[in-house]
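**Student:** First, the structure itself, so that you have it in front of you.
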Amino acid sequence: MSTVDQNQTSQYRQTIIIGSGTAGLSAAYQLQKLGCKSVFILEGSNRIGGRILTEYLDKDLTQPLEMGACWMHGLQENPVYELAQRENFPSHTGTILSFDIGTCVDEHGLQISSDLHHEVDEFFESLLQDTRDLFEYQQQNNTQISSTSIHKVFLEKFENFVNLNGGDQETRCLKLKLLQRRFDQETGECGCQSMEQVSYSEFGSYQRPKGPDMEFPCGYSTLIRFLCSQIPQNWIQFDQFVENILWDQNDRVHITCKNGNVYECDYVICTIPLAVMKWNYKSLFTPQLPTWKTEAIQKMDMGTVDKIYLFYDQLDFFTGDSLAIVYDREHDTLDIKKEWYKKIFLFQKVYDNVLLCWITGDEAIFCEQLDETYIGDTLTNLFRKSLKNPNIPSPTKVVRTQWFSNPCAKGSYSYVPVGASSWQHIQDLAKPLIFNNMSRVFFAGEHTHTRYYSTVTGAFITGQTQALYVAQQLISNNDTEMLAKANTDDFTKIQWKREVEPP
């Protein structure tokens, strides 16, 4: 059993939150509303926001570039949207977005008809609806089909569809290329390397509030800045990368940071991303986590989705709002060093002189190590070839994200892989660590919500939920401040229904 060096000076707070992303800040916001005063937020980097990161093209903060999360998924009964409306910061006037294709060509410059790619997209959407129907059927009948991948099932169904409705050989080949492009797009939605990794039977577990997806017109960091403004600024401790959580001591939980700082607390809300925990959970927790927790960490997964922004003096060569390029490739096989760019599934015009493209998985991780000038030159050659225009200029600037290389993220967002269960393993990710019959370490983050995983909404809800669980502990321990707050409107109006019970 590990012990803390008695000669080390430690700082005490009643509750310590690890991470200042959406989950961590929403937990702090909730604790502050409930009257908690003894709180620290240990942030491993030098900024707040986690996987929300907005950069701006102007000093007025009206032209955002979203380097991380960009969409508010669904507006109806979405607590993030409700907060934005209630607090009157500009979010509900945002732009409705989608991955709709404007122009579609192959890499050799062949124009693909809108009818053809719409036909493939509509069939793909029908397959996605099948997964949602299947999941609800499994829930209603308390049954589980054998685990296989989305890619395997969809490819079989699509090949049957093409055999019945394929047309001539050239059309069949184009449809299969369009299917692969849609698979790549779905990796951007899921946050995985390949749809071969994603569970078919669990895919329908992902849910979002009803209504369209929207953007924050002044950037998702609007939400982060608001949450931060509602809590005491001395709560946040920057550059405190947590290396160990000692949670089996009779008195308090002890937290040791990479810089040697030691903190003590009664309760921890851990919002460390799943990919970081997968990387270091064996050394992060002392004693070792219980088997059910380690199995959940191992079974669930989190991949990388990166963005590349291309800046130009003007975009005369780019007609419309978006461009999809389909490539010559055999299903999911790519020579990453030579063909990494073939994982880019869409180019979108985000400003009059700025294009955005998306890349996922191993290709994204490889791209994170490339020189930005080389990235720009490679994509310029792709444009010149696919748009049949040798005069397309190189971008004046390239800006790309590097979420896998970020030690506080190690990726983008979570998904349910083949062999995992959203109900069992996500719930186990969310369950607290208990010592001496008391919940000591609580877990929040997008990866701990059984239906809204991978979203800011899921992170926001779980942060608030875990803060409420801490408040329950404080009340049960006769904390005078919490008892005084327990009968106020701020406290009693909150819905206390638990989705997750301790093991």
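Any read-out appearing in this document is the output of simple, stated calculations on the displayed coordinates, not a laboratory observation. Owing to the predicted nature of the structure, the values given are computational and were not obtained by experimental measurement. A quick note on method: Cβ atoms are made from the backbone with ideal geometry, for glycine too, and the neighbour counts reach across all protein chains shown.
**Student:** Expressed as a rounded percentage, what relative contact order does the chain have, with Cα pairs under 8 Å and six or more residues apart?
**Tutor:** 24
**Student:** Using a/c under 1.5 as the rounded threshold, could you call region 198-322 rounded, prolate or oblate? The axes a ≥ b ≥ c are square roots of the C-alpha gyration tensor eigenvalues, and prolate needs a/b larger than b/c, oblate otherwise.
**Tutor:** prolate
**Student:** For Thr319 and Ser126, FRET efficiency with R0 = 35 Å and r from the beta-carbon atoms, rounded to 0.05?
**Tutor:** That gives a FRET efficiency of 0.70.
**Student:** Then there's this: What's the angle, to the nearest 10 degrees (0 to 90), between helix 169-190's Cα axis and the longest principal axis of the chain?
**Tutor:** 20
**Student:** So how do Glu87, Glu186, Glu107 line up by other beta-carbon neighbours within 10 Å, fewest first?
**Tutor:** Ordered by Cβ neighbours within 10 Å, fewest first: Glu87, Glu107, Glu186.
**Student:** Helix-only estimate, please: 222 nm mean residue ellipticity of the chain, summing -39500 (n - 2.57) across DSSP H runs of length 4 or more and dividing by its residues, to the nearest 500.
**Tutor:** -11000 deg cm²/dmol
**Student:** Also: Note down the relative contact order for region 244-398 as a percent, whole number, built from C-alpha pairs under 8 angstrom at least six residues apart.
**Tutor:** 20
**Student:** A further question on this structure: Identify the residues of region 203-223 with backbone N under 18 Å of a label point that sits 7 angstrom from the Cα of Asp133 along the Cα-to-Cβ direction, or state none.
**Tutor:** 203-206
**Student:** Okay, moving on. Which whole-angstrom value gives the distance between the alpha carbon centres of region 22-46 and region 152-212?
**Tutor:** Centre-to-centre distance over Cα atoms comes out at 40 Å.
**Student:** For region 22-88, what does the alpha-carbon gyration tensor say about shape, rounded, prolate or oblate, given a ≥ b ≥ c as the root eigenvalues, a/c under 1.5 as rounded, and a/b over b/c as prolate?
**Tutor:** It is oblate, given that a/c is not under 1.5 and a/b is not larger than b/c.
**Student:** Same structure, new question: Given a cut-off of 24 Å, name the pairs among Lys342/Lys388; Lys37/Lys410; Lys59/Lys210 whose C-alpha atoms lie farther apart than that in the structure shown.
**Tutor:** From the list (Lys342/Lys388; Lys37/Lys410; Lys59/Lys210), the Cα-Cα distance tops 24 Å for Lys37/Lys410; Lys59/Lys210.
**Student:** One quarter of the convex hull surface, Cα atoms only: what value does that give for region 289-391 in nm²?
**Tutor:** Over all viewing directions, region 289-391 projects a mean Cα-hull area of 9.0 nm².
**Student:** Now, a different point. For the chain, take the longest principal axis of its alpha carbons; what is the angle in degrees between that and the long axis of helix 274-284, to the nearest 10 within 0 to 90?
**Tutor:** Taking Cα atoms only, the helix is inclined about 40 degrees.
**Student:** Counting other C-beta atoms within 10 Å, which of Arg182, Arg132, Arg400 has the fewest, and how do the rest follow?
**Tutor:** Arg132, Arg400, Arg182
**Student:** Convert each backbone phi in region 256-269 into a coupling constant with the Karplus relation 6.51 cos²θ - 1.76 cosθ + 1.60 (shift: θ = phi - 60°), then list the ³J(HN,Hα) values in order as whole Hz, x for Gly and Pro.
**Tutor:** 10, 9, 4, 7, x, 5, 10, 10, 10, 7, 8, 9, 10, 10
**Student:** So what are the radius of gyration and Dmax for the Cα set of the chain, in Å?
**Tutor:** Expressed in Å, the Cα Rg and Dmax of the chain come to 23.8, 78.
**Student:** Tell me, in nm to one decimal, what length is gained between Leu164 and Trp292 on full extension, where the rule is 0.36 nm per residue of separation less the Cα-Cα distance?
**Tutor:** Result: 41.4 nm gained on full extension.
**Student:** Using a cut-off of 13 Å between beta-carbons, work out the net charge of the residues near Leu42 (Lys and Arg +1, Asp and Glu -1, Leu42 not included).
**Tutor:** -2
**Student:** While we're on this one: For region 57-208, what does the alpha-carbon gyration tensor say about shape, rounded, prolate or oblate, given a ≥ b ≥ c as the root eigenvalues, a/c under 1.5 as rounded, and a/b over b/c as prolate?
**Tutor:** oblate
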